[in-house]
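Some notes on the structure that comes next.
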Amino acid sequence: FPAGVYRSGGLILKDHVTLYLDNGAVLLGSDKLDDYPKIRPDFRSYTDRYTHSALIYGEGLQHVAIHGLGTIDGQGGAFSGDYLLRPFLIRFVGCTDVSLRDVTLTNPAMWTVHFLACDRVNVDGIVIRSRCNKNNDGIDIDSCRGVRVANCDISSGDDAIVLKSTSYRLCEDVVITNCVLSTDCNAIKLGTESHGGFKRVSVSNCVIRDTHLAGVAIEMVDGGVLDGVAVSNLAMENVSAPVFIRLGNRARTFEEGQPVPGVGRLENVSISNITATGADRIGCSITGQEGYPVRNIAIDQVRIEFAGGGTRGDARSTPRELPDKYPEYNMFGVLPAYGFYVRHAENLRFNGIELSAKNEDARPAMLFEDVKELSLSRVRAQVFPRQNALLRLI
């Protein structure tokens, strides 16, 4: 596509095809739902409930790409209604060797980019502006293997980069690096949809700003296994909760007649070299379930400034367990610690931690409940006159 404006309904790509948009080219999605073919992919997942159409679609392809300095605009503000009435912008299902490079993606009616059950995916240097409708995720990496996301600039209404496992196929061997992210929801999230689980995921060298939920949300709620996640070198500003880790038990199935999954596993997570200012009053939490702890969590070299302002009543509160509630950092309300609240955990390490609050706070900086094998070293936290403890163990 040379420079110019091109209006189109849904496009279905083929093997060994590169869709190339020159600088100044705009591929404009139709504002009529009937112009988008309804496609149910052969690969079953929970996303069958979300969509059956996209502006650009590919299934079972090899060596397919979208490149160039042009723009793909979904005109998503023209669509309203439930999930199935709003097409995705780009969707690849069961594809191998997929490349998305340099393009600007804007105004999706729902998710911007969805990779489902794909192998060897490379996303580099793209710009996403997705704030014109509901469910405006940036990049969804779902049940994929061998994915690299680098050098992207994303501003989204929903989660910016989110790993999902909406099938029993693992999402594994994923690298996210050198990105700038801003969102009304979570910047980087694993879960909530986590039927299969996640293995070997690395997130590094990102800037996260003006984010209304969590900077990094690591969640397992649908029975899968999360094992081996490394997060490092993140700078955050005005992010409500820099860190949120949750093992829940929503136990949702993705096809009728499937057995209800049991509680999954969340283990072997490393979070290091994080600086964050402008976190809100609620605090950060790391929580498992009674009898199902999160395991082997290491938090190293983390400095966070919180809003503070917690009361003695907040300090005495005990968050409800809420095993089946949709996981978000604010699900428990204001936490009984202004920094980190940890419950149902095993083999937990905090090293080189600095916690502070802008306003006086009656809560301890850290509270640990039902935690086994806890290691604390070089932990510094701001002390306030009304605090009855700097750190509590229950």
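The values are calculated or read from the model by the stated rules, or taken from the named source; none is laboratory data. In this text the structure is predicted, and so the values were computed from the model without any measurement. Here the Cβ positions follow ideal geometry from the backbone for every residue, glycine too, while neighbour counts run over all protein chains shown. Areas reflect the complete protein model, heavy atoms only, side chains present, ligands, DNA and RNA absent. Shrake-Rupley method; radii C 1.70, N 1.55, O 1.52, S 1.80 Å.
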First check a/c for the range 64-217, with a ≥ b ≥ c the square roots of the eigenvalues of its C-alpha gyration tensor; if it is under 1.5, answer rounded, and if not, answer prolate when a/b is larger than b/c or oblate otherwise. rounded
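In the range 1-43, what trypsin sites (Lys or Arg not before Pro) fall in a loop by DSSP, with at most 14 other Cβ atoms inside 10 Å?
Working: sites: 7, 14, 32, 38; in loops: 14, 32, 38.
Listed in order of number, the matching sites are 14, 32, 38.
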Options 336, 127, 79, ranked by Cα towards positive dipole end of the chain, top entry (Cβ charges): 336
Taking a ≥ b ≥ c as the square roots of the eigenvalues of the Cα gyration tensor, with a/c under 1.5 meaning rounded and otherwise prolate when a/b exceeds b/c and oblate if not, the range 342-394 is oblate
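Which whole-number percentage describes the relative contact order of the range 159-294, with Cα contacts under 8 Å and a sequence gap of 6 or more?
Details: 402 pairs, mean separation 30.1, N = 136.
22 percent.
For 212, 52, 114, 16, what's the largest-to-smallest order of accessible area, 1.4 Å probe? Don't skip to the end; give the middle numbers.
Details: 212 105, 52 50, 114 0, 16 130 Å².
Ranked from most to least accessible, the order is 16, 212, 52, 114.
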Please work out how much length the chain gains when fully extended from residue 178 to residue 326, using 0.36 nm per residue of separation minus the C-alpha to C-alpha distance, in nm with one decimal. 50.4 nm
Which listed residue (90, 375, 251) has the Cα farthest towards the positive end of the charge dipole for the chain, taking +1 on Lys and Arg C-beta and -1 on Asp and Glu C-beta about the Cα centre? 375
How many nm separate the modelled label positions at residue 99 and residue 42, each set 7 Å beyond the Cα in the direction of the Cβ? 2.6
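Treat every Asp and Glu Cβ in the range 271-334 as -1 and every Lys and Arg Cβ as +1, leave all other atoms uncharged, and give the resulting dipole magnitude about the Cα centre to the nearest 20 debye. Show your work: numbers first, answer last.
Working: 7 positive and 8 negative charges, 34 e Å.
My answer is approximately 160 debye.
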Which label marks the calculated value of Rg/Rh (Cα atoms, Kirkwood Rh), given the options [x] 1.10; [y] 1.00; [z] 1.35? [y]
Inter-label distance for residue 260 and residue 349, nm, one decimal - labels placed 7 Å from Cα along Cα-to-Cβ: 3.8
Pick out, from 218, 228, 260, the residue whose Cα sits farthest towards the positive end of the charge dipole of the range 192-261, with +1 on the Cβ of Lys and Arg and -1 on the Cβ of Asp and Glu. 228
Over the chain, what relative contact order in percent results from Cα pairs under 8 Å that are six or more residues apart? 8
Calculate, in nm to one decimal, what residue 134 and residue 393 gain on full extension: separation in residues at 0.36 nm each, minus their alpha carbon distance. 89.1 nm
Under a Gaussian network model of the chain whose springs join Cα atoms within less than 10 Å, the largest fluctuation of 224, 94, 29 belongs to 94
Treat every Asp and Glu Cβ in the chain as -1 and every Lys and Arg Cβ as +1, leave all other atoms uncharged, and give the resulting dipole magnitude about the Cα centre to the nearest 20 debye. 720
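At a 1.4 Å probe, what is the % contribution of carbon and sulfur to the accessible area of the chain?
Here carbon and sulfur together make up 46 percent of the probe-accessible area.
I'd like to compare 303-310, 315-322: which one has the highest average count of other Cβ atoms within 10 Å, and what's the full order after that?
Values: 303-310: 21.5, 315-322: 14.5.
Ranking, from highest mean packing down: 303-310, 315-322.
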If you plug each phi of the range 146-155 into the Karplus form 6.51 cos²θ - 1.76 cosθ + 1.60 with θ = phi - 60°, what whole-Hz ³J(HN,Hα) values come out, in order, with x for Gly and Pro? x, 10, 10, 10, 9, 6, 9, 10, 10, 10
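Multiply the residue gap between residue 11 and residue 386 by 0.36 nm, knock off their C-alpha separation, and tell me the result in nm, one decimal place.
Values: separation 375, 0.36 × 375 = 135.00 nm, distance 6.25 nm.
Gain in length upon complete extension: 128.8 nm.
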Please work out whether the range 1-85 counts as rounded, prolate or oblate from its C-alpha gyration tensor, where a ≥ b ≥ c are the square roots of the eigenvalues and a/c under 1.5 means rounded, while otherwise a/b larger than b/c means prolate and anything else oblate? oblate
Tell me the per residue accessible area of the chain using a 1.4 Å probe; a whole number in Å² is fine. 37
Just the projected area, averaged over all directions, of the convex hull on the alpha carbon atoms of the range 161-222: how many nm²? 3.9
Test item: Cα-centred dipole of the range 247-378, Lys/Arg +1 and Asp/Glu -1 on Cβ, debye: 220
Give the separation of the Cα centroids, the range 39-76 to the range 351-374, in Å. 44
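Please list 350-361, 271-282 highest first by mean number of surrounding beta-carbon atoms within 10 Å per residue.
Values: 350-361: 18.5, 271-282: 20.0.
Highest to lowest by the protection proxy: 271-282, 350-361.
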